[in-house]
Structure formats: C-alpha cells, structure tokens
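We did not get these values from a lab; they are worked out from the coordinates using the rules stated. As the structure is a computational prediction, the values presented were derived from the model and not from experiment. Virtual Cβ from ideal backbone geometry, glycine too; neighbours counted across all protein chains shown.
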Amino acid sequence: MTERQAQILAAIIEQYAEIASPVGSVTLAKLFGVSSATIRSEMAKLEEAGLIKAPHTSAGRIPTDKGYRMYVNTLTAAEMADTPKLTRGARAIDARVSSHTSRADRAIRGAVDSLVELTHNLGLATIGDELYLNGIGNLFSQPEFLIGDHAQQVARLLDNLEPWLREAAPNEPLNVYIGAENPVGKTSGSTLIISKFRSPFSDQSYIGVLGPTRQDYARTMRLVSHAGTKLEEML
C-alpha cells in the first residue's frame, strides 16, 4: 500500500466514524487537494485489496473489518502514547477513580461509567465473577444496530463475554477485537476494546467498551488503556 492509499484509508475510517455515512470521492478530493478521478482510482485499489467496500445503496465507501485492522495496526506510538493525563477525558477518569479508592468495586464501576460518557459506547468490566455493564442504550441507539440481526448478535456476544474472558484470559495490556475477530457475535458489526489490569479481585481483571466497528479508534483505545492503567495504580 502506498502512503497516499494509507492516508485515504485513514480518512475514510475517520470520516465514517464522524458522519456514519459512506464516504465519497468528492469529499476526499477536497480533503487531499486532488481530482475526484485520482481519488476514485485509489479507492478502487483499496477496494480490490478488501480494505473498503461499497454499500448497495450508496456510491460512497465504508471500511471493512480488514481495513479497520490495518488502520489499528498502523496507529503510531505518538498517537497511542499515554499522554491523556493532559486531556479532559483522562482527567475525568482519574477524578472518578480517585473518589472511590477505599472501595475497589466502586472505583471500577466509576471508571466504566466514565468510559460510557466519553466514548458513547457500552462500558464493561469484570469485578470478581461479575461482569458490570453500563450504557446498553448507547450501544443499541447506534444506526448500525437498528437494522438486520446485528442487535441479536451483540446480545449473544454480551451473554457469552464473561465466561469467554475467564476462559481465554487475553494477556495483552490492550486488546482490540474488530467485527469477525470477536469470539462470538462475529457478524454483529461491533468492536470490543479491553484493557487488562490487576485488581484486588484478580490479576486478570478487564475494563473496556463495546461499540460499532465505526469508532474513533485512537481516542477510544487511549481512554480504555488509561482507565486500566489508572485502576491498577490506584487499587
């Protein structure tokens, strides 16, 4: 993939996350200062590579799971650096967690609630053998989950998430499961982003969010990672 194709893929992902509509060549041509024909040629190559696709009812393009995965894998260290202590979102998480240092369960719930408010996704965390969820209304109000059987697939994923986490015990500090990469609900069109942290309940505690694959990945991943780090520091 050329540098310009990578930039166009990133632009499609970021525009689609913002507007929830397929992204067309005219929009991208204005963004890159080139002709629509040039953009269409590059988009054709991205589509050929399976990184974007055209919904049946639109001339624009949306990312595929493969496109999202490539984008997530190429987020730079600078984009993912844990500097959110300087950001409003991270400060909100810090304040919520710090107000419950004497009760680990409340601190974890507080961090989840902050993630719900900041990302507009469903927030989740393991507290002992319990899976704490908040923000289900956020999740099912997303346009992706108003059609087809996506909502049923998401519900199936949630039903099986706690036992899967216990059995699989993902071992990376930050784990991102995009679309079909999810353990169940593979056609749900959702992304699970979870951070592992040590808590009084377990060395394998998890906090994260579940939302549509249409995400602001860099920001959401930073916030989830920061929440896990902060909880481990405080607890």
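Summary table below
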{"quantity": "Ratio Rg/Rh, restricted to the range 78-234 and using Cα atoms, in which Rh is the Kirkwood radius", "calculated": "0.94"}
{"quantity": "Residue order, fewest to most surrounding Cβ atoms within 10 angstrom, among Phe140, Phe145, Phe197", "calculated": "Phe140, Phe145, Phe197"}
{"quantity": "Ellipsoid equivalent to the range 3-64 - semi-axes via the Cα gyration tensor, in Å", "calculated": "15, 13, 11"}
{"quantity": "Whole-percent pair-distance distribution, where bins are 10 Å wide, for the alpha carbons of the range 160-235", "calculated": "19, 51, 27, 3"}
{"quantity": "³J(HN,Hα) computed for each position of the range 158-169 - Karplus, 6.51 cos²θ - 1.76 cosθ + 1.60, integer Hz, glycine/proline x", "calculated": "5, 4, 9, 5, 4, x, 5, 4, 5, 7, 7, 6"}
{"quantity": "Helix 36-48 vs. the chain, principal-axis angle (Cα, 0 to 90°, nearest 10)", "calculated": "60"}
{"quantity": "Given charges at Cβ of Lys, Arg, Asp, Glu: the chain dipole, positive-most of Ala90, Ser190, Pro200", "calculated": "Ala90"}
{"quantity": "5 angstrom amide H check on Gly24, placed H, neighbours 5+ away", "calculated": "Arg61"}
{"quantity": "Nearest 10 degrees, 0 to 90: helix 104-119 Cα axis against the chain principal axis", "calculated": "20"}
{"quantity": "Whole-angstrom gap from the range 174-235 to the range 83-155, using each part's C-alpha centre", "calculated": "10"}
{"quantity": "Principal-axis tilt of helix 88-98 within the chain, Cα atoms, nearest 10 degrees", "calculated": "20"}
{"quantity": "Length-normalised contact order of the chain in % [C-alpha pairs under 8 Å, at least 6 apart]", "calculated": "19"}
{"quantity": "Per-residue HN-Hα couplings for the range 196-201 [Karplus 6.51, -1.76, 1.60; θ = phi - 60°; Hz; x = Gly/Pro]", "calculated": "8, 8, 8, 9, x, 8"}
